[in-house]
Amino acid sequence: MRVLILGATGTVGREVLAQALALGYGVRTLVRDPAKIAVRHRNLEVMAGDALNAGDVDRAVEGQEAVVYCLGERVLGKETTLFSDTTRILVGAMEKHGVKRLVALTGIGAGDSKGHGGWLYDWIIYPLFTKKIYQDKDRQEELIWGSSLDWTIMRAACFTDGPKGGKLRATDQLEGVTIARITRADTAAFLLEQLGSKQWWRRSPLVGY
């Protein structure tokens, strides 16, 4: 499978990149600074460009079979349109080139996952640090829902370090549910698993432990 990864230099994206190559996928990344991709692999193409530039994204999407979106925002607590702007560009390019499969990472706090991350996240982290980011991730999700793509949105719990292999819970039936954490390695593994599965097509599960 030929997969484009957006966000491959982030903490989750690096895991997605490493695991995708280990699975034997042909991987393309679009990054502003190719020097930040330290990996060298015969199945890896590193393309210089910006996910906010429609021409760059068009070139990156062409010829791919799927896209994994895991862009992140490094500055917390400020208004942003990064997620909705890049997703609008990406959806347009994917529809233009007939690339149907999109697996996108948003997170806990998007849509109806608000209030399901445990006391610390719901009452401290979300209102003080991530609320404005998730306002834009709500806009991002709406763009994906309204597209013609075969999409899965992964709403990951709060990230921790550690290996993959934890006992994950994935659900979009959230009444009475609290899911507090997930390792970045397990996040990457779940994202990649969706490329070969229809279990969560056109659904937005909350995922973690």
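The values are calculated or read from the model by the stated rules, or taken from the named source; none is laboratory data. Everything numeric here is computed off the predicted structure, so don't read it as measured data. We place every Cβ from the backbone using ideal geometry, glycine too, and count neighbours over all the protein chains shown.
The listed residues are 77, 98, and the only one of them that is of a type in the set (Gly, Ala, Ser) and at pLDDT below 95 turns out to be 77.
Whenever a residue of the stretch 65-78 is β-branched (Val, Ile, Thr), its partners that are surrounded by 15 or more Cβ atoms within 10 Å (Cβ to Cβ) and assigned to a loop (DSSP other than H, G, I, E, B), lying with C-beta atoms within less than 7 angstrom and at least six residues away or across chains, give the pairs 67/99. Of the residues making up the stretch 177-204, those that are in a loop (DSSP other than H, G, I, E, B) and either buried (at least 23 other Cβ atoms within 10 Å of the Cβ) or of a type in the set (S, T, N, Q) (or both) are 178, 179, 197, 199, 204. Scanning the stretch 14-57 for residues that are closer than 16 Å to residue 86 by Cα, touching a residue at least 12 places away in the same chain (Cβ under 8 Å) and assigned to a helix (DSSP H, G or I) returns 54, 56, 57. Could you check how many residues of the stretch 6-29 are touching a Phe, Trp or Tyr at 6+ places or on another chain (Cβ under 8 Å) and under 24 Å from residue 98 (Cα atoms)? Going through the stretch 6-29 one residue at a time, the tally reaches 2. Within the stretch 171-209, restricting attention to residues that are touching a Lys or Arg at 6+ places or on another chain (Cβ under 7 Å) and among the polar types (S, T, N, Q), the residue that is farthest from residue 152 (Cα to Cα) is 183. The set of residues in the stretch 4-13 being assigned to a strand (DSSP E or B) and either among the polar types (S, T, N, Q) or touching a helix residue (DSSP H, G or I) at 6+ places or on another chain (Cβ under 6 Å) (or both) consists of 4, 5.
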